[in-house]
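The structure under discussion appears below in the form of structure tokens.
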Amino acid sequence: PPYVFHQKDVQSATRALFGDRYPELTRLEPVFTNAGVIKRHGVKPIEWYFEPRGWPERTQAFLDGAEALFIDAARKAIER
């Protein structure tokens, strides 16, 4: 997917989004550094995920992103 989210940025975003509502988040934050994840990828910019969205819209974004990746990979394979 076209967007890269570094783990430290995901941790900061999680704190900003959920820190006030879930005080126990502080206790869980070490998971971000101890999980071994360096970066994640998304089909939308990270801010897109901050907005309230339902499962249909999120699923459509995933499907659109997956289709674009598939077409790109297939095109490159055919060219080779």
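What to note about this one:
- The chain - percent of accessible surface contributed by carbon and sulfur, probe 1.4 Å: 60 percent
- Aspartates and glutamates with Cα under 13 Å of K44, excluding same-chain neighbours fewer than 8 positions away: E57, D64
- If R0 is 25 Å, the Cβ-Cβ spacing of E57 and R80 corresponds to a FRET efficiency of close to 0.10.
- Taking each residue as 0.36 nm, the span from L17 to V4 lengthens on full extension beyond its C-alpha to C-alpha distance by 2.8 nm.
- Ligands, DNA and RNA are left out, and with a 1.4 angstrom probe the accessible area of the chain is 80 Å² per residue.
- Helix 55-79 and the long axis of the chain differ in direction by around 40°, with both axes built from C-alpha atoms.
- Dimensionless Rg ratio for the chain, taking C-alpha atoms and the 2.2 N^0.38 Å reference: 1.37
- Modelled this way, with points 7 Å down the Cα-to-C-beta line, the labels at I71 and L25 are 3.6 nm from one another.
The values are calculated or read from the model by the stated rules, or taken from the named source; none is laboratory data. No experiment lies behind these values; they were computed from the predicted model shown. Because the Cβ atoms are built from the backbone with ideal geometry, glycine has one as well, and the counts that use them run over all protein chains shown. Heavy atoms of the whole protein, side chains included, go into the accessibility calculation; ligands, DNA and RNA do not. Shrake-Rupley method; radii C 1.70, N 1.55, O 1.52, S 1.80 Å.
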